[in-house]
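Q: I have a structure I would like to understand better, so I am pasting it below and will then ask my questions one at a time.
The values are calculated or read from the model by the stated rules, or taken from the named source; none is laboratory data. If you're wondering where the values come from, they're calculated on a predicted model, not measured in any experiment. Please note: Cβ atoms are built from the backbone with ideal geometry, for glycine as well, and neighbour counts cover all protein chains shown. Note: areas computed on protein heavy atoms with side chains; ligands, DNA, RNA excluded. Shrake-Rupley method; radii C 1.70, N 1.55, O 1.52, S 1.80 Å.
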Amino acid sequence: MALVSDKPPAPRATARTAARGGKPTPYWLLLPGILWLLVFFAAPLVYQASTSVQTGSLEEGFQVTWHFATYWDALTEYYPQFLRSVAYAATATALCLALGYPLAYLIAFKAGRWRNVLMILVIAPFFTSFLIRTLAWKTILSDGGPVVSALASLHVLDVTNAFGVTEGHRVLATPLAVVCGLTYNFLPFMILPLYTSLERIDVRLHEAAGDLYARPLTTFRKVTFPLSMPGVVAGTLLTFIPATGDYINAELLGSTDQKMIGNVIQSQFLRVLDYPTAAALSFILMAAILAMVTVYIRKSGTEDLV
């Protein structure tokens, strides 16, 4: 007869106890990343925070006087550029999702042996400078170019003129040109997380839905799209956040009427030399994006990303 010990089984060593009693190697591996964040993120952030509450001029010098009214003055003066930046970025994000989701779906489920080729084509624009890609759109949308001529002959410009996104028979220096540039430049940031999320879906789930007499549209609505929501959320964030602060597209493809908040910050830093206002605008933009992203993540049901 086997003897049963009265002693309770020894508790298993948890990851926390192992980390306490083990070697400090994991912490040493984290050290380079922590130092990088401290030097290139935390320190500049603190410096900009102090700059935003300074007063003075470039000739007399700037001093920290805790002048928080700079934030209110900057917001009341440049709120149209804030709203324009959010509108342009949201429109470009929606277009990237509409264009990128079908392409990511095609690569994940229908491409077959051409999958790697299509993925290379998606990331190929990254091998060219962001500035060069935007300048190329300036040539594509030129007034006498074939694109504008085709849009005019098809009466598409009449529709866009009615919505106020183009003017007459030209596309450059209009909101449409800026949104097109944003959509093109940030489209890969939408496709890559969408593809990653879709590629992880087990195709047997589609087969099971078909066995249950679900139509393709129902399968997409009930199975594919809900399972790809992490990719949708990641793609929209990777597109919306940099697009909101972008200034290259508005500078090269737009006019003074299409300036975004990034153009204002760049001008305040490098031309006007009003460093407190530029720093205050940067913090307002960062806080606004953080608030919008937090609300979006919670509404989309992916609180784990917060």
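Q: Since Val46 meets every condition but one in (1) in contact with a helix residue (DSSP H, G or I) (Cβ under 7 Å, 6 or more places away or on another chain); (2) modelled with pLDDT of 90 or more, which condition does it not meet?
A: (1)
Q: For the range 265-292, how many residues are of a type outside the set (A, V, I, L, M) and either in contact (Cβ under 8 Å) with a residue 12 or more places away in the chain or open to solvent by less than 20 Å² (accessible area, probe 1.4 Å) (or both)?
A: 7
Q: Can you name the residue in the range 200-220 that is assigned to a helix (DSSP H, G or I) and over 21 Å from Ala111 (Cα atoms) and, of all such residues, is least open to solvent (accessible area, probe 1.4 Å)?
A: So, considering only residues that are assigned to a helix (DSSP H, G or I) and over 21 Å from Ala111 (Cα atoms), the one least open to solvent (accessible area, probe 1.4 Å) is Ala209.
Q: Follow-up question, since we're still on this one. Answer yes or no as to whether Asp143 is assigned by TED's automatic domain parsing to the domain that holds Met292, acidic (Asp, Glu) and in contact with a strand residue (DSSP E or B) (Cβ under 8 Å, 6 or more places away or on another chain).
A: The answer is yes for Asp143.
Q: While we're on this one: Which pairs turn up if I take residues in the range 137-151 that are among the charged types (D, E, K, R) and look for partners that are open to solvent by 50 Å² or more (accessible area, probe 1.4 Å) with beta carbon separation below 8 Å, at least 6 apart in sequence or on another chain?
A: These pairs meet every condition: Asp143/His169; Asp143/Arg170.
Q: In the range 46-68, what count of residues is obtained for those that are free of Cβ contacts under 8 Å to residues at least 60 places away in the same chain and under 12 Å from Ala279 (Cα atoms)?
A: Of the residues in the range 46-68, 4 are free of Cβ contacts under 8 Å to residues at least 60 places away in the same chain and under 12 Å from Ala279 (Cα atoms).
Q: Out of curiosity, is Asp158 open to solvent by 50 Å² or more (accessible area, probe 1.4 Å) and in contact with a Lys or Arg (Cβ under 9 Å, 6 or more places away or on another chain)?
A: No; evaluated as a whole, the condition is false for this residue.
Q: Hey, does the range 248-256 have a residue that's more than 30 Å from Thr196 (Cβ to Cβ), free of Cβ contacts under 8 Å to residues at least 12 places away in the same chain and open to solvent by 20 Å² or more (accessible area, probe 1.4 Å)?
A: Among the residues of the range 248-256, at least one is more than 30 Å from Thr196 (Cβ to Cβ), free of Cβ contacts under 8 Å to residues at least 12 places away in the same chain and open to solvent by 20 Å² or more (accessible area, probe 1.4 Å), which makes the answer yes.
Q: May I ask you to say which residue of Leu217, Leu227 is assigned by TED's automatic domain parsing to the domain that holds Ile201, without any contact (Cβ under 8 Å) to a residue 60 or more places away in the chain and out of contact with any helix residue (DSSP H, G or I) (no Cβ under 8 Å at 6 or more places or on another chain)?
A: Working: Leu227 fails: out of contact with any helix residue (DSSP H, G or I) (no Cβ under 8 Å at 6 or more places or on another chain).
Result of the check over Leu217, Leu227: Leu217.
Q: In this structure, is Ala243 open to solvent by less than 10 Å² (accessible area, probe 1.4 Å) and in the same structural domain as Ala104 (by TED's automatic domain parsing)?
A: Answer is yes for this residue.
Q: In the range 55-93, how many are buried (at least 17 other Cβ atoms within 10 Å of the Cβ), among the aromatic types (Phe, Trp, Tyr) and either more than 27 Å from Thr183 (Cα to Cα) or not assigned by TED's automatic domain parsing to the domain that holds Met190 (or both)?
A: 1
Q: Being in contact with a helix residue (DSSP H, G or I) (Cβ under 8 Å, 6 or more places away or on another chain), more than 16 Å from Leu252 (Cβ to Cβ) and either surrounded by fewer than 21 Cβ atoms within 10 Å (Cβ to Cβ) or of a type outside the set (Phe, Trp, Tyr) (or both): is that true of Ala98 here?
A: no
Q: Sticking with this one: Please enumerate the residues belonging to the range 161-182 that are in a helix (DSSP H, G or I) and open to solvent by less than 10 Å² (accessible area, probe 1.4 Å).
A: Ala177, Val178, Gly181, Leu182
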